[in-house]
Structure formats: structure tokens, C-alpha cells
Amino acid sequence: MKRIFLFIALVVLAVGASAQGRYNYDSGHKYGFFSNWTLGIAGQYANQHGVSDIGISALATKRVGDFWRLRYEASINGLKKAKGFDRYGTAMAGVSLDFVEWAYLFGDAGAIYNPSMKAKLGLAADAGLGLNVNFGKHSILYIEGGSDLVQRNASWDNTFFARLGYQARLGITERDRVDIDIDRHMREGYGELKQENQLIKTELKRKQVEIDTLMSIQNRSLALMARLEKRLDDCNEQVAKAAQSNPVPANSFSQIFFNKGSAEISPIEAAKVRQLADYINSTDGDFLIEGYASPEGSPSVNEQLSADRARAVYWLLIELGVDIDRLVPMTGGISTQYGDDSPLNRMVVVSASPY
């Protein structure tokens, strides 16, 4: 009876210590040590009334909460007797409480089968403290010690026992799973960044090609403009030389031609105006400036255009130093001297005034 009370007291003490330990346990260790399932095997030793009891037990546990695990245990034991060993087996189920990462309290209850007894089946229970050492991702060494209570015929036997065993995890721990998730997210993020970086590089390369193309077009345009400017300078030089070799005689006229619909003096015609200004400044008398337009288009527009052309030559001669009092701008109107659609009708005629 004393042993029964001692066993009950041990169970109560274990439950109280478990509750206190659970209160102080950091819930951040959830699934931190064991995965959902573990399988293990242990050697067991007990001393019952000075008699050695040895055996082998198999243990399976399943995680059911932040701190709680279910236990399923089966063992084969040999109790030393005077005439040999009394062999018996037990099958029990219980719970354990992981109050710290490396230690736990447990309690089991089940049945005992002893073929040498009259009543071959009986009840069995145990409770105690377990310690474990984690090495590797899937391996655990554990030590359990406590007290058990078994029914043999009409009596109850109580003893203290110790087990040394090995457990293997089935699957990975929650902590491992978190690490795997973090690693996967990092790889995915790296892959996305790498892809985005590649897209940026491709876009930059495309932009660079566009820039190089535009720069090439710009360089070709500048080269073409330089060639055109040189050709224009050459043309102006040739026009000036021709004007110098063919001066406008006295009492004759000079013709300044214009583009269709325009009153703007082209560079070639401007050279003729400069040569004309030099001639006027070297002579005496007044000069008439008559503007003409071709008969194409609206008559009112052409009348205005002929006047604008005469004024354009008039003001350019003044800018070139000709005395304003020696120039008489006139509107010649519409010319058909060279045919209706001839570009020679788009002109300004400068001639010596007969008055």
C-alpha cells in the first residue's frame, strides 16, 4: 500500500511540475525539438525488491500540441527468479509534457501480459522524467527514469526503473520547415531580382542601341549639312565671280528671281542684289524696282506677292548702302512675258529710271 501511495505522489508531483514548467516554457520552441512522429528503442533496467529486471522497449511519440505528445510503448522484460527469468510484456499509452527543450515529464497506463502467472493479464502504469540530447536533424538519445506499478495476480508491484534509448524523427521539425521556407523565399526573391535585373539590362542595351542609332543619324546629318554649306558657299562664290565678270551696264535692268509663292530672296539672287548695289553706288541717277508674279493662283494674292517681292529687293538694296532717295519701288503686277507657267515670271526687275 505504501508503494501505491508513493506512486500516486510521484504522479501528482510530475503533473504539478509539468504545469509549472509549461507556464515557464517559451512557446517560441513550438515543434522546435521533435517532429510530429518519432520512433525509438531503449534498453531498460529496474530493481524490484533487490531483484534485477531488464528488458527492451519500443517507443513511438506523436506531437499533438505545442508542448504535449502522445506516447505508445511496448516492452519485453525479464525478471530474475531463483529458477531463471520470469518473462513478461507490457503495452501502454500515455502523454508527455516538454516543459523545456531537452527535458520532459511523462505518464503511461496500459496492460501487462505474464504467461507465468495465474492471471496472465493485469494493469500497468508508470511516470517519470525524461532527458534527451539532440544530435543531427533526425537523431535523439534519451534517458528516462521513474516509477512503475504493475499488477501480478492479486498483488501490485512498485519499483523504480531507468531506460537508455535512441529515437529517430520521421520528417522535419517545424524549425527546419521555417528555415526551408525562408530559403525557398530567398531563392524565389533572388530569381525574381535576377530576372528583373536581366530585363533592365536588356532594356538598357536596347536604349543604348537607339541612342547609338540616333547619334549616327545626327553625325550623318551634320556631315551632310557641312557638305551642303560648302556647296552653297561655292555657288555664292561662283555667282559673285560671274557678277564681277558681267557688270550691269548703265541704263539697263537686272532681274531678281524668286521661288513659287515666296517673297524671300535666295542666297544666289542675294549675290546679284549685292553686285547691283555696288553698281548703283558707282553711278548716278535713280532706279525703278518692279515686282512681278506669275498668273497662277488668285490675282489678288499675286498682286500682293509682286509688291512684297519689290519691297524685299528695295530694303535689301538700302541695307547694302544704296541711298533710299534713289530707289522707287513699284508693283509691276502679273507677268506673262515668258508664258503663263514660266518661273521667269516670278521676278523683280531693277532698271534705271527714265525720269
Quick one: would you say ASN236 is under 30 Å from PHE257 (Cα atoms), at pLDDT below 90 and out of contact with any Phe, Trp or Tyr (no Cβ under 8 Å at 6 or more places or on another chain)? yes
Here are some residues: ASN134, ASN77. Which one is surrounded by 14 or more Cβ atoms within 10 Å (Cβ to Cβ) and within 19 Å of ASP53 (Cβ to Cβ)? ASN77
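Give the residue, chosen from ASN114, ASN158, ASN132, that is touching a helix residue (DSSP H, G or I) at 6+ places or on another chain (Cβ under 7 Å) and polar (S, T, N, Q).
On the way: ASN114 fails: touching a helix residue (DSSP H, G or I) at 6+ places or on another chain (Cβ under 7 Å); ASN132 fails: touching a helix residue (DSSP H, G or I) at 6+ places or on another chain (Cβ under 7 Å).
Result of the check over ASN114, ASN158, ASN132: ASN158.
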Considering segment 80-114, residues that are surrounded by 16 or more Cβ atoms within 10 Å (Cβ to Cβ) and among the acidic types (Asp, Glu), and then whichever is farthest from the chain's Cα centre (by Cα), we arrive at ASP86
SER147: in contact (Cβ under 8 Å) with a residue 24 or more places away in the chain and not in a strand (DSSP E or B), yes or no? no
Which of (1) in contact with an Asp or Glu (Cβ under 7 Å, 6 or more places away or on another chain); (2) at pLDDT 90 or above; (3) part of a loop (DSSP other than H, G, I, E, B) does ALA310 not meet, given it meets every other one? (3)
I'd like the full set of residues that are within 30 Å of GLU296 (Cα to Cα), in a helix (DSSP H, G or I) and either hydrophobic (A, V, I, L, M, F, W, C) or at pLDDT below 80 (or both), limited to segment 239-269. VAL239, ILE268
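What's the total number of residues in segment 144-165 that are within 24 Å of VAL133 (Cβ to Cβ) and either under 60 Å from the mean Cα position of the chain (by Cα) or among the small types (Gly, Ala, Ser) (or both)? Full working, then the answer.
At the first step, the residues of segment 144-165 found to be within 24 Å of VAL133 (Cβ to Cβ) are 144-148, 160-165.
Among the residues that remain, those that are also either under 60 Å from the mean Cα position of the chain (by Cα) or among the small types (Gly, Ala, Ser) (or both) are: 144-147, 162-165.
Total satisfying the criteria: 8.
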Subset of segment 126-144, residues free of Cβ contacts under 8 Å to residues at least 12 places away in the same chain and either more than 13 Å from TRP102 (Cβ to Cβ) or of a type in the set (Lys, Arg) (or both), comes to GLY136
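The values are calculated or read from the model by the stated rules, or taken from the named source; none is laboratory data. Just so it is clear, the structure is predicted and the values come from calculations on it, not from any experiment. Every residue, glycine among them, receives a Cβ derived from its backbone with ideal geometry; neighbour counts consider all protein chains shown.
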